[in-house]
Amino acid sequence: MGRLSLTALLLFVPLCPGQDVTPFPIVFRDVTKPAGVYDDLAGIMGHGGAWGDIDGDGFIDLFVGGFCDRPNSEYKPAAGPVPSRLYRNQGNGKFTLVKDTPASFFGRISGAVFADLDNNGTLELYSANNAKGKSKQTSEPQRTAQMRFSNLFRNDKGVFVDITKQSGACPESLFTARNIGVFDYDGDGLLDLYVVEDRFTKKPRSALFRNKGNLQFEDVTKAVGLPDDVFGLGLAVADLNGDGRPDFFVPHSNRMFLSQKKTPEVAATSGVSYREAVELHNMLQWKLTNREEWPCGAAFGDLNRDGLLDLVVTIHYNQARNRVFINEGLKDGIPQFRDVTNEVGLGDTVPIKCPHVEIQDFDNDGWPDIYTSAAWMDEQGNITPLVYRNLGAKDALPRFAPPRKIEGPMVYYPAGPSGDYDNDGRLDIFLINWFQGNHCRLLHNESAKKNWLQVQVVGKKMNRMGICTQIKVLAAGTKELLGFQEITTGYGYASGQPALGHFGLAEHAKVDVELRFPDGWKMIKSDVAVNRRLVVNELTAKGTE
């Protein structure tokens with residue numbers, strides 16, 4: 001993506017004749033400067049970032065990375081390339097920069113995620129680097145940035161230690177890394193890593209790294225039957241076929257992989273293998289209008305509250321024709337998706353790239369919204385993110401409305417993970433900026449307060465983060481489904497999110513919560529009070545503690 005000035009884009013977007021002037025119920029306020037995440041990020045060519053509670057104080061912290069291999073003049077107002085930054089959340093709405101940490105470095109960071117990879121209750125940091133492998137650069141730190149490969153940092157009580165070389169998860173054979181999938185594919189209780197490589201290298205491949213314990217990993221891509229020619233940009237992970245194992249979709253190549261039991265043809269030591277859902281690959285294709293019309297971000301979520309995970313795919317092109325696919329259930333073990341983009345209200349082409357996407361309930365009305373990392377910026381520099389508000393379902397299809405008419409001028413941000421940084425029950429957004437003339441944005445969610453519930457699962461036999469646990473929230477004492485989610489992180493594009501289920505509940509004051517663990521165990525918690533974080537301990541839930 002080019003580094004262009006936004007001067008021509010900083011125009012006021014007026015209301016069109018006849019346009020609805022009713023205030024949009026999803027409201028954000030830019031708190032970048034008062035929160036303390038402005039000065040040290042000024043000039044960064046930002047591209048990846050993640051939220052995660054690195055010190056265990058209950059407040060999510062922030063990692064931001066970018067590309068550091070361009071001429072010094074492209075980083076104004078900074079004197080040159082800006083390294084990755086790690087911020088601690090002080091719990092009072094403010095952040096402080098962590099200094100003297102190996103997590104601050106010069107690279108070409110194109111994705112990041114926090115994950116507890118050794119099940120000790122602290123979050124490691126994996127940073128995907130879009131390495132060139134060789135460099136003609138003679139200046140520093142630009143040369144170092146191009147030569148750097150991906151990195152893994154161990155968390156020692158909130159202090160990061162670089163274990164890249166000894167981990168096995170960051171081989172120098174993996175060049176142009178992008179998104180990072182975090183899931184336990186073999187059910188051994190340890191989180192594995194699937195690192196997506198883009199196509200902009202000689203022989204693109206994406207790799208599955210099995211967690212052997214003690215933060216040691218091995219490449220098992222071929223052993224589990226995954227092709228070695230998969231390329232992509234973003235990633236979406238969920239158990240779609242109901243077997244308790246993670247499945248995943250890789251946009252750009254638009255390939256879906258479903259878990260299956262070990263077959264004689266696959267010598268997988270884990271007893272698990274993957275098959276490509278070719279039927280879905282054929283279905284998830286559409287006629288492209290330009291060779292740079294790249295499917296980029298992807299996210300699973302239950303858009304119509306029918307207990308099935310739908311799929312949204314966004315496009316990395318200045319005429320973004322984003323796509324919404326409704327899940328219509330399994331047929332012969334394969335999820336059936338139908339393109340309903342036009343019917344649900346996302347048919348208008350967005351006149352700017354939409355790299356990142358999430359499905360989240362930003363106004364807590366009980367209906368999950370679709371958010372992309374595109375936005376409008378007025379002449380005062382105020383940002384309105386492109387969040388399609390879910391208006392509810394009609395004839396089993398959700399309906400969405402944007403905050404204003406879909407027309408330019410607009411701006412975009414490569415990454416933009418959501419997270420409730422102040423624990424007020426409303427999801428905030430951090431937009432990671434790439435362009436001169438703009439800057440990173442911390443957007444505080446100030447939508448009208450409605451009831452909500454966050455669900456966190458602490459695993460013991462399963463992975464500590466509870467990833468792959470499926471959660472249903474129902475109106476107390478009824479079968480009315482208010483929300484369905486699967487705990488995950490690293491979805492969308494170049495972004496990492498807290499591993500939580502966040503449910504907007506509108507006016508519901510009590511709910512029932514049904515959990516399905518990856519091993520198939522189910523539990524129900526009845527008459528759960530709302531407006532809090534519900535922490536479910538796996539062993540307590542199973543009565544084995």
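The values are calculated or read from the model by the stated rules, or taken from the named source; none is laboratory data. Note that the structure is a prediction, hence the values are computed from the model and not measured. Virtual Cβ from ideal backbone geometry, glycine too; neighbours counted across all protein chains shown. Surface accessibility is based on the protein's heavy atoms, side chains included, excluding ligands, DNA and RNA. Shrake-Rupley method; radii C 1.70, N 1.55, O 1.52, S 1.80 Å.
In this structure, the amide hydrogen of L226, modeled 1.01 Å from its nitrogen in the peptide plane, lies closer than 5 angstrom to those of Y274, counting only residues at least 5 positions away or on a different chain. Peptides 484-490, 33-39 ordered by packing proxy, namely the average of other Cβ atoms within 10 Å per residue, highest first: 484-490, 33-39.
Counting Lys and Arg as +1 and Asp and Glu as -1 over every other residue whose Cβ lies under 12 Å from the Cβ of M256, the net charge comes to -1. For a straight C-alpha distance cut-off of 19 angstrom, the aspartates and glutamates reachable from K132 (same-chain residues fewer than eight places away being disregarded) are D69, E140, E172, E197, D198, D229. Rounded to the nearest 20 debye, the dipole magnitude of region 279-397 is 380 debye, with +1 charges on Lys and Arg beta carbons, -1 on Asp and Glu beta carbons, and the Cα centre as origin. Ranking G345, F28, V411 by how far each Cα lies toward the positive end of the dipole of the chain (charges on Cβ) leaves V411 at the top. V344 sits among other residues whose Cβ lies under 13 Å from its own Cβ, and their net charge, with Lys and Arg +1 and Asp and Glu -1, is -1. Amide hydrogen proximity for L235: with H placed 1.01 Å from N in the peptide plane, the residues at 5 or more positions away or on another chain lying under 5 Å are A298, G492. Which of the residue pairs K331/K472; K479/K510; K134/K203; K405/K449; K449/K479; K261/K542 have a Cα-Cα distance greater than 19 Å in the structure shown? Listed pairs above 19 Å: K331/K472; K405/K449; K449/K479; K261/K542. Entry note, region 449-522: relative contact order of 39 percent, from Cα contacts under 8 Å with a spacing of 6+ residues. Put simply, the Cα atoms of region 293-426 extend 53, 38, 24 Å along their principal axes, the longest span coming first.
With the highest mean first, a sort of the peptides 94-107, 430-443, 353-366 on other beta-carbon atoms found within 10 angstrom per residue produces 353-366, 430-443, 94-107. Only one residue of W367, G225, W51 has its Cα farthest out toward the positive end of the dipole of the chain, where Lys and Arg carry +1 and Asp and Glu -1 on Cβ, and that residue is G225.
Counting every C-alpha pair in region 164-272, the share spaced more than 19 angstrom apart comes to 41%.
Between S526 and A78, the FRET efficiency estimated from the beta carbon spacing at R0 = 45 angstrom works out to 0.25. Averaging the sequence gap over all C-alpha pairs within less than 8 Å and six or more residues apart, then dividing by the number of residues, gives region 214-261 a relative contact order of 27 percent. Which of rounded, prolate, oblate describes region 315-373, given a ≥ b ≥ c as roots of the alpha-carbon gyration tensor eigenvalues and a/c under 1.5 marking rounded, otherwise prolate only if a/b is larger than b/c? Oblate is the answer for region 315-373, as a/c is 1.5 or above yet b/c matches or exceeds a/b.
Taking amide H as placed 1.01 Å from N in the peptide plane, the amide H of V536 sits under 5 Å from that of Q456, V457, V458, each at least 5 places away or on another chain.
From most to least packed by mean Cβ count within 10 Å, the peptides 153-165, 327-339 give 153-165, 327-339. When both region 465-492 and region 181-253 are represented by their alpha-carbon centers, they are found 23 Å apart. The chain gives an Rg/Rh value of 0.93, both radii derived from C-alpha positions and Rh following Kirkwood. Other residues lying with their Cβ under 12 Å from the Cβ of S418 contribute a combined charge of -4, Lys and Arg counting +1, Asp and Glu -1.
About its Cα centre, the dipole of region 153-267 is roughly 220 debye, where the only charges are +1 on Lys and Arg Cβ and -1 on Asp and Glu Cβ.
Computed on the chain, with alpha-carbon pairs under 8 angstrom and 6+ residues apart, the relative contact order is 16 percent. Only Lys, Arg, Asp and Glu carry charge here, each on its Cβ (+1 for the first two, -1 for the last two); on that basis the chain has a dipole of about 1040 debye about its Cα centre. Among W452, W521, the sequence by solvent-accessible area, most first, with a 1.4 Å probe is W521, W452. Entry for region 449-540 at q = 0.18, 0.25 Å⁻¹: log10 I(q)/I(0) = -0.78, -1.31, Debye formula applied to identical alpha-carbon scatterers, no solvent contribution. Each of S110, G93, G121 was placed along the dipole of region 23-136 (beta-carbon charges, centred on the mean Cα), and the one lying farthest toward the positive end is S110.
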